[in-house]
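The structure under discussion appears below in the form of structure tokens.
The values are calculated or read from the model by the stated rules, or taken from the named source; none is laboratory data. Everything numeric in this text was worked out from a predicted model, so none of it was measured. Every residue, glycine among them, receives a Cβ derived from its backbone with ideal geometry; neighbour counts consider all protein chains shown.
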Amino acid sequence: MFRRTRRHALIASLAATAVILSACTTAPEPAATPTGEPDPDATLQVGLVLEPTNLDIRRTSGAALEQILIDNIYEGLVSRTQENEIVPRLASDYEVSDDGLTYTFTLNEGVVFHSGTALTSADVVSSFEAVRTDATLQGNADFASVASITAPDASTVVITLTEPNQNFLFTLTGPAGLVFQTGDTTDLKTAENGTGPFTLARWSKGSAITFTRNDAYWGDPAGVAEVEFQYIPDFTAGVNTALDGGVQVLTAVDPNLAPQLEDSGDFTLTTGRTTDKATLAFNNAKAPLDDIRVREALRLAIDHEALVEAVGAGSTLYGPIPELDPGYEDLSDVVSYDPEKAKKLLAEAGHEELELTLTIPSFYGTTVPKVLISDFAKVGVTLEVDSVEFPAWLEDVYSNHDYDLSFVLHVEPRDFGNFANPDYYFGYDNAEVQGLYADALAEVDPDRSAELLAEAARIVSEDHAADWLYNGATITAVSPLVSGFPQDSINSRIDLAGVTVATEK
């Protein structure tokens, strides 16, 4: 039986961090250490790019919600670190049976919802039963193998699966695993009732969301009295706001603008790893992208090294699994920059001259499209760029699959299952990949599961089901007054409980 406690998880997380950092060729610049005392009454102002459309994290997908709500407002039985290590949260510890079918969680004492109601195991059961039975809730499909959710007593929850699922515990670190008060009637689109270290103070739509410290929090109190998330979709405006003192932390800094912040002396820049996969999607179900020769030719036409240099942050990625996820393998041997071979493949496919349209959400800017237009032109492919608002992208590309090529950052960790889903907008259908993915999920041994994922990922790359232009890195500008701000994986999760703001440098 596998048992995980908060202390053991912390040790494992620190060990993993040490290994990862020692393997890096260059270590990131450490943030400046504030010399003043942390101010418990301080307001932390953070600049973000993408604002949620509503706050109902149970029914609305998207990284913009998870980024600010999980761990800050809402909590699950388990959570994850910046390195994607699973750690206990509302559960003080947990056990997984040897056959991978039974999960037993012990709840921490003294947990209270923001409404003042004490949390019990009944709240966990009702929250998870809702996910299991309601197809409109986030994570419903991930609960398909859940046979039962029971509460033997007020502080114990037992979940039994019909078959092992290597990703199930990780699923509980996301929206599907959040715990809500039984029978609560809060309108989650505009309000909240979580158990986290912050409560929602106000939301000025189109501008900012403000959290305040939860003084009744069951764990260590948050280090600041208030957090204000300012939404600044324009990268230049974000830098100007930071330089004018409007925010102490600016996330998603445009690499081309980063020197302005660094040269000012008012910020330290950190470069964080992410699971962001800059995905050039091919519509595998639509001609001419249904021809593997065309897909391979497009990949061969792209100078990935030059593209990463143009973007200014990140690293090359030649497959669907990034380094922070299980199953990662360097797949640079699958495809290389070879325009001449690309031309030959296009000629074989009968497309010496080809016109394609790239559909891209407008907030991604023009750097990637410009590189693709130039690279494709060299092999006889004319690329038209259709820059659209994100809701239009969701409807046309994601929902209706009406596109040739598309570009978005897929930021979610462990999302390889998209390539094992023939109904996903990629239109990729490979029975062998689907079988390997199913086997990987059912495999109890995590190392063997990762091997199966790596095998499946290689097939996906060899099928040229998409192109992964780069693995994104996130540049964050942090004031020297701020301590403890997360560095890695912040595009999908920003845990702010331990962040402090000093009174002076």
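Asp290: surrounded by fewer than 18 Cβ atoms within 10 Å (Cβ to Cβ), of a type in the set (D, E, K, R) and touching a helix residue (DSSP H, G or I) at 6+ places or on another chain (Cβ under 9 Å), yes or no? Quick ask: steps written out before the conclusion?
Details: surrounded by fewer than 18 Cβ atoms within 10 Å (Cβ to Cβ): yes; of a type in the set (D, E, K, R): yes; touching a helix residue (DSSP H, G or I) at 6+ places or on another chain (Cβ under 9 Å): no.
So Asp290 does not fit the description; no.
Taking strands (runs of 3 or more DSSP E) that fall entirely within region 147-258, which contain at least 1 residues that are within 22 Å of Glu66 (Cβ to Cβ) and polar (S, T, N, Q)? Walk me through how you get there before you give the answer.
Details: elements: 156-161, 198-204, 208-213, 226-231.
By residue number, 198-204, 208-213, 226-231.
Of all residues in region 61-116, which are hydroxyl-bearing (Ser, Thr, Tyr) and not in a loop (DSSP other than H, G, I, E, B)? Even if it seems obvious, please write down each step before you answer.
Let us first name the residues in region 61-116 that are hydroxyl-bearing (Ser, Thr, Tyr), namely 61, 74, 79, 81, 92, 94, 97, 102-104, 106, 115.
Hits for region 61-116 are Tyr74, Ser79, Ser92, Tyr94, Thr102, Tyr103, Thr104, Thr106.
Quick check, is Asn256 within 23 Å of Val371 (Cβ to Cβ) and either among the charged types (D, E, K, R) or surrounded by 20 or more Cβ atoms within 10 Å (Cβ to Cβ) (or both)? Let's see the steps before the verdict.
Numbers: within 23 Å of Val371 (Cβ to Cβ): yes; either among the charged types (D, E, K, R) or surrounded by 20 or more Cβ atoms within 10 Å (Cβ to Cβ) (or both): no.
Here the answer is no, as Asn256 does not meet what is asked.
Being surrounded by 24 or more Cβ atoms within 10 Å (Cβ to Cβ), over 20 Å from the mean Cα position of the chain (by Cα) and under 19 Å from Ala281 (Cβ atoms) is the requirement here; does Val501 meet it? No: the conditions fail for Val501.
Applying the condition of being under 24 Å from the mean Cα position of the chain (by Cα) and buried (at least 23 other Cβ atoms within 10 Å of the Cβ) to region 259-274 and asking which residue is nearest to Leu409 (Cα to Cα) yields Thr274. Test Val146 against the stated conditions and say whether it is farther than 27 Å from Leu453 by Cα and buried (at least 16 other Cβ atoms within 10 Å of the Cβ). In short, no.
Scanning region 160-187 for residues that are touching a Lys or Arg at 6+ places or on another chain (Cβ under 7 Å) and either in the same structural domain as Ser492 (by TED's automatic domain parsing) or of a type in the set (Ser, Thr, Tyr) (or both) returns a single hit, Thr173.
For region 51-60, the criterion of being in a helix (DSSP H, G or I), of a type in the set (Asp, Glu), closer than 22 Å to Thr275 by Cα and not assigned by TED's automatic domain parsing to the domain that holds Gln181 is met by none of the residues.
If you go through region 311-333 and keep only what is of a type outside the set (Ser, Thr, Tyr), closer than 19 Å to Leu405 by Cβ and at pLDDT 95 or above, you end up with Leu317, Gly319, Pro320.
Residue by residue, here is whether (1) assigned to a loop (DSSP other than H, G, I, E, B); (2) crowded, with 18+ Cβ neighbours inside 10 Å; (3) in contact with a helix residue (DSSP H, G or I) (Cβ under 7 Å, 6 or more places away or on another chain) holds:
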| position | (1), (2), (3) |
| --- | --- |
| Ala454 | no, yes, no |
| Val460 | no, yes, yes |
| Leu469 | no, yes, yes |
| Ala473 | no, yes, no |
| Asn491 | yes, yes, yes |
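Among the residues of region 422-441, is any part of a helix (DSSP H, G or I), under 30 Å from Asp98 (Cβ atoms) and touching a residue at least 60 places away in the same chain (Cβ under 8 Å)? Give the steps one after another, and end with the answer.
Taking region 422-441 as the starting set, the residues that turn out to be part of a helix (DSSP H, G or I) are 431-441.
Restricting the remaining residues to those that are under 30 Å from Asp98 (Cβ atoms) gives 432-441.
Narrowing further to those that are touching a residue at least 60 places away in the same chain (Cβ under 8 Å): 440-441.
Yes, that holds for at least one residue.
Filtering region 86-100 to residues that are farther than 20 Å from Gly194 by Cβ and either assigned by TED's automatic domain parsing to the domain that holds Leu324 or surrounded by fewer than 18 Cβ atoms within 10 Å (Cβ to Cβ) (or both) leaves Asp93, Glu95, Ser97, Asp98, Asp99.
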